[in-house]
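What follows is a set of notes on a single structure, which appears directly below.
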Amino acid sequence: MVEDFELEEESLLDIGESTDDGQLYEHFRIEVDKGQVPVRIDKFLSEHQPHSSRNRIQKAADAGFIHVNGNPVKSNYKVRAGDVVTLMLDRPHYDTTIEPEDIPLEVVYEDDDLMVINKPAGMVVHPGCGNFSGTLVNAIAWHLKDLESYDPNDPEVGLVHRIDKDTSGLLVVAKTPDAKTSLGKQFFNKTTHRSYNALVWGNFVEDEGRIEGNIGRDPKDRLRMEVFPPDSEIGKPAVTHYKVLERYGYVTLVECILETGRTHQIRAHMKHIGHPLFGDERYGGCEIRRGERTASYKAYIQNCFKLCPRQVLHAKTLGFIHPTTGQQLDFTSEWPEDMATLIDKWRKYIKFTV
């Protein structure tokens with residue numbers, strides 16, 4: 001599986017919402033066989049939880065979520081015959097089985113190996129964190145329900161990468177294990193071609209640039225990512241390239257190309273350099289960051305927020321080599337209506353105010 005995108009590692013830490021009441025809930029229990037030789041618990045659990053990586057198990061242990069005989073243990077603890085191992089999380093257990101749901105999909109391309117989807121803004125990609133139905137994978141399961149070889153609960157098929165709930169644009173889905181392996185390697189080796197369009201606050205002195213900084217979870221807000229120095233041991237390395245497409249005085253339309261695929265990468269990187277995405281509430285983009293303080297301008301900005309009530313980010317292009325034919329496939333998607341209308345509004349604004 002592609003490490004950059006952390007797709008199938010949700011069974012230990014990312015399912016459900018924290019209750020913040022200090023209570024722990026049992027999610028998994030196993031009694032060690034009488035014939036078991038001593039072995040590190042992270043290795044033991046990775047063999048009994050095949051859809052969770054050893055790295056994620058180690059993080060669970062560090063967080064105090066893995067218990068043996070009722071007590072939390074570290075990842076180097078060696079399990080012994082008769083031990084009772086439990087996974088205790090700070091959120092209730094949910095059934096995460098993916099069921100087909102009749103939800104409309106915009107399929108851009110489809111063949112026996114894969115399909116490319118244009119995801120609308122507002123749709124969650126994968127169940128979790130309070131969204132256990134109505135997601136993109138539920139819609140995909142319905143679309144492929146008559147394909148006997150496709151099991152939506154099998155991590156060897158399905159989405160190869162993902163985008164945020166309120167980001168629109170292109171995603172590729174693998175129908176077969178071979179297709180997912182091939183596409184996953186392309187993403188990992190950075191041979192795919194992807195670009196995003198984003199409307200960000202502020203003007204740029206330069207026409208293009210490069211942002212480098214590790215991305216990790218914000219210790220003060222688990223729903224937000226933070227940027228840390230590249231030479232630090234915090235977070236994962238991340239690089240974003242950007243190019244100015246159009247300038248509207250107080251906001252700028254940019255193209256972003258990723259070297260890495262970290263969670264909230266564009267959103268966190270742009271905030272880090274002082275240009276948060278327009279309308280991005282989590283990263284400060286829902287405040288007036290540039291421009292006048294007149295009543296008319298404030299009203300104009302509020303109308304813009306209502307017109308496109310989300311971060312203005314769209315996965316516009318996607319290119320990769322077909323896993324079976326070896327042919328280069330390239331796709332482009334138009335901006336959704338809310339984004340197109342907003343950008344047209346800014347074009348008119350700058351035309352009549354300059």
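Cross-link list LYS175/LYS220; LYS243/LYS348; LYS175/LYS306; LYS145/LYS185: which exceed 30 angstrom alpha carbon to alpha carbon? Walk me through the intermediate numbers first.
Numbers: LYS175/LYS220 39 Å; LYS243/LYS348 22 Å; LYS175/LYS306 38 Å; LYS145/LYS185 27 Å.
Violating the 30 Å limit, Cα to Cα: LYS175/LYS220; LYS175/LYS306.
In square angstrom, rounded to the nearest 10, how much accessible surface does LYS348 have for a 1.4 Å probe?
Spelled out: LYS348, probe radius 1.4 Å, area about 110 Å².
Taking the solvent-accessible surface of protein heavy atoms with a 1.4 Å probe, what is the per residue accessible area of region 243-354 in Å²?
Working: 5370 Å² over 112 residues.
I get 48 Å² per residue for this part.
Given the options PHE320, PHE44, PHE228, state which has the largest fluctuation in a GNM of the chain using a 10 Å cut-off (strictly under) for Cα springs.
Residue with maximal mean-square fluctuation among PHE320, PHE44, PHE228: PHE44.
GLU259 to GLU148: extension gain in nm, 0.36 nm per residue of separation minus the Cα-Cα distance?
Details: separation 111, 0.36 × 111 = 39.96 nm, distance 3.59 nm.
Using 0.36 nm per residue and subtracting the Cα-Cα distance, I get 36.4 nm.
For GLU31, what accessible area in Å² do you get when you roll a 1.4 Å probe over the heavy atoms of the protein chains, rounding to the nearest 10?
120 Å²
How would you order 82-88, 188-194 from highest to lowest mean count of nearby Cβ atoms within 10 Å?
Details: 82-88: 17.6, 188-194: 14.6.
Answer by packing, highest mean first, reads 82-88, 188-194.
So how tilted is helix 177-188 from the main axis of the chain? Cα-based, degrees 0 to 90, rounded to 10.
Around 60 degrees separate the two axes.
Less than 12 Å Cβ to Cβ from ALA139, Lys/Arg counted +1 and Asp/Glu -1: what total charge do the surrounding residues give?
Details: positive: LYS119, LYS145; negative: GLU99, GLU101, ASP102, GLU106.
Result for the local shell: -2.
Can you show me the helix-derived [θ] at 222 nm for the chain, built from DSSP H runs with n ≥ 4 at -39,500 (n - 2.57) apiece and divided by the number of residues, rounded to the nearest 500.
Working: 8 runs with 79 residues, N = 354.
It comes out at -6500 deg cm²/dmol, rounded to the nearest 500.
Can you tell me the 0 to 90 degree angle between the C-alpha axis of helix 337-353 and the longest principal axis of the chain, rounded to 10?
Tilt relative to the chain: about 30 degrees.
Within region 189-218, what residues put their amide N at less than 12 Å from the label point 7 Å along the Cα-to-Cβ vector of LEU245?
195-200
The values are calculated or read from the model by the stated rules, or taken from the named source; none is laboratory data. Not measured: the values here are computed from a predicted model. Neighbour counts run over all protein chains shown; Cβ positions are idealised from the backbone, glycine included. In case anyone asks, the SASA skips ligands and DNA or RNA and just uses the protein heavy atoms, side chains included. Shrake-Rupley method; radii C 1.70, N 1.55, O 1.52, S 1.80 Å.
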